[in-house]
Amino acid sequence: MMRAFDIDNSYKMLSPHFQQRIHKQEPLARHNSFGTGGTADLWLTLKTREELAKMVQLCTKENWPLLIVGAGSNILYADAGIRGIVAEMGLSSYDIEPLSEQEALVLADAGVRWERLLRRTASLGWGGLEFGVGIPGTLGGGVVSNAGSHTQSLGDVLNWIEVLDARGCNLKAQGEDAVAIMRRYQHAELALGYRTSRFRQQRRATIDAEGHLVLIPRGLIEPGEIVVRLGLHLQREDSGVLSSFIERQKQARQQAEPEQRHIGSVFIDPPGRRADELIAQVGLRGACYGKAQISPKDANYIVNLGGATSSDILALIVKAHHQVLLHCGVQLELNLELLGEWHTQQIQTVPIEVSYATAQAPTEPHPNV
């Protein structure tokens, strides 16, 4: 049983080490692509594996709730915020180790951004990651969802990952002898599939047939297995060809995606179908609720028209899910994480009435969170 989190005391203990990297009552809207959400009691950034391990151990000892997050590119934070500590994975170094003239292994921290790494590897003539053009967020988040595009995914080049296994800390949350363990998983142990992995099923909220949100219970340390490092296998390619491909794909993605603030696709495409076509089929393309809108451009995106709340967005998600299930018989799976105190706030579900106002041009471009 978690006791009440003492913000001031924990801040006092942590601030001498983290200094400018720790903040009280941090607005979560600054840390996700939707630009919504309440506040985190404490927000801090982790820079090293040692900091991560020590933070997990300290939170276990002190019984402080700890949530580890990446760039926030596929997260919808609750308007009620998050209690406890939210720690951003700022581990962002990588090395490229040639194995031969034709092959190389990239050793990358989980906090490395896709765009940064693929442009660097392409400039050096190493191919394999170029399918990830335009994928926001970090490699660690990409492992959880087995992110990809153009019929390729991270799993196609992933050799192994290292995780900090804190599941024992959740089982013995108040025991000082509970220790997080660094583990390495080989590709075959990760249960990688289309937009899924062994980690994702542990973290995905669902929506039932009546339109009720079914949340995953939160442990003291979340996630229980924290992706820390990856080994990626690349092959030799012409750097000019790779750079040209990246630019073409970047332009194509910009034309296909909405201009307003949004995260990636809301639902996973079901086998043999496209989620955007199903949502359009039930008449919800362009539907609005509050300041959120199902994109007229692609119905599997929801955009923030300016001033949307997370509850506005979730209401449209639940509505789309229910209508597709009702009229098409298809149970859509969420392609995003719902984090925070959702159980403390009123959630609008399927009875909502939507409107169809035309989306306005954004006042600022969508950030690459």
Just one of (1) in contact with a helix residue (DSSP H, G or I) (Cβ under 9 Å, 6 or more places away or on another chain); (2) part of a helix (DSSP H, G or I) trips up L52, so point out which. (1)
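May I ask you to verify whether H212 is within 25 Å of L76 (Cβ to Cβ) and either in contact with a strand residue (DSSP E or B) (Cβ under 9 Å, 6 or more places away or on another chain) or in contact (Cβ under 8 Å) with a residue 24 or more places away in the chain (or both)?
Details: within 25 Å of L76 (Cβ to Cβ): yes; either in contact with a strand residue (DSSP E or B) (Cβ under 9 Å, 6 or more places away or on another chain) or in contact (Cβ under 8 Å) with a residue 24 or more places away in the chain (or both): yes.
Answer is yes for this residue.
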When every residue in region 231-256 that is under 18 Å from I135 (Cβ atoms), open to solvent by 70 Å² or more (accessible area, probe 1.4 Å) and among the basic types (K, R) is compared, the one modelled with the lowest pLDDT is K250
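Kindly indicate whether S265 is surrounded by fewer than 24 Cβ atoms within 10 Å (Cβ to Cβ), at pLDDT 95 or above and under 27 Å from G193 (Cβ atoms). Break it down stepwise before answering.
Details: surrounded by fewer than 24 Cβ atoms within 10 Å (Cβ to Cβ): yes; at pLDDT 95 or above: no; under 27 Å from G193 (Cβ atoms): yes.
In short, no.
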Is it fair to say V112 is β-branched (V, I, T), within 18 Å of I22 (Cα to Cα) and either in contact (Cβ under 8 Å) with a residue 12 or more places away in the chain or open to solvent by less than 20 Å² (accessible area, probe 1.4 Å) (or both)? no
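Which of the residues spanning region 203-230 are of a type in the set (D, E, K, R) and open to solvent by 50 Å² or more (accessible area, probe 1.4 Å)? Lay out the reasoning, then the answer.
Quick first cut of region 203-230, residues of a type in the set (D, E, K, R) only: 203-204, 208, 210, 218, 222, 225, 229.
Scanning region 203-230 gives R203, E210, R218, R229.
Conditions (1) part of a loop (DSSP other than H, G, I, E, B); (2) over 23 Å from the mean Cα position of the chain (by Cα), marked per residue:
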site: Q57; (1), (2): no, yes
site: I68; (1), (2): no, no
site: G72; (1), (2): yes, no
site: L76; (1), (2): no, no
site: R83; (1), (2): no, no
site: E88; (1), (2): no, no
site: L91; (1), (2): yes, no
site: E97; (1), (2): no, yes
Over region 65-103, the set of residues under 16 Å from R229 (Cβ atoms) and not polar (S, T, N, Q) is I68, G70, M89, G90, L91, Y94, D95, I96, E97
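Which members of region 187-202 meet the condition of being in a loop (DSSP other than H, G, I, E, B), open to solvent by 60 Å² or more (accessible area, probe 1.4 Å) and of a type in the set (G, A, S)? Before the answer, list the steps.
As a first pass, look at region 187-202 and keep what is in a loop (DSSP other than H, G, I, E, B): 190-192, 194-195, 197-199.
Subsequent filtering for residues that are open to solvent by 60 Å² or more (accessible area, probe 1.4 Å) retains 191, 194, 198.
Result: A191, single match.
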Being of a type outside the set (A, V, I, L, M, F, W, C), outside any loop (DSSP other than H, G, I, E, B) and open to solvent by 20 Å² or more (accessible area, probe 1.4 Å) is the filter here, so list the residues in region 26-48 that pass it. P27, R30, H31, T39, T45
Hey, among the residues in region 268-287 that are more than 24 Å from the chain's Cα centre (by Cα) and not in a loop (DSSP other than H, G, I, E, B), which one's nearest to G329 (Cα to Cα)? Q281
Which pairs turn up if I take residues in region 273-285 that are without any contact (Cβ under 8 Å) to a residue 40 or more places away in the chain and look for partners that are of a type in the set (S, T, N, Q) with beta carbon separation below 7 Å, at least 6 apart in sequence or on another chain? D276/N300
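The values are calculated or read from the model by the stated rules, or taken from the named source; none is laboratory data. All values derive from a computational prediction rather than experimental measurement. Don't worry about glycine lacking a Cβ; one is built from the backbone with ideal geometry, like all the others, and counts go over all protein chains shown. To get the accessible areas, we keep the full protein, side chains included, count just its heavy atoms, and leave off ligands, DNA and RNA. Shrake-Rupley method; radii C 1.70, N 1.55, O 1.52, S 1.80 Å.
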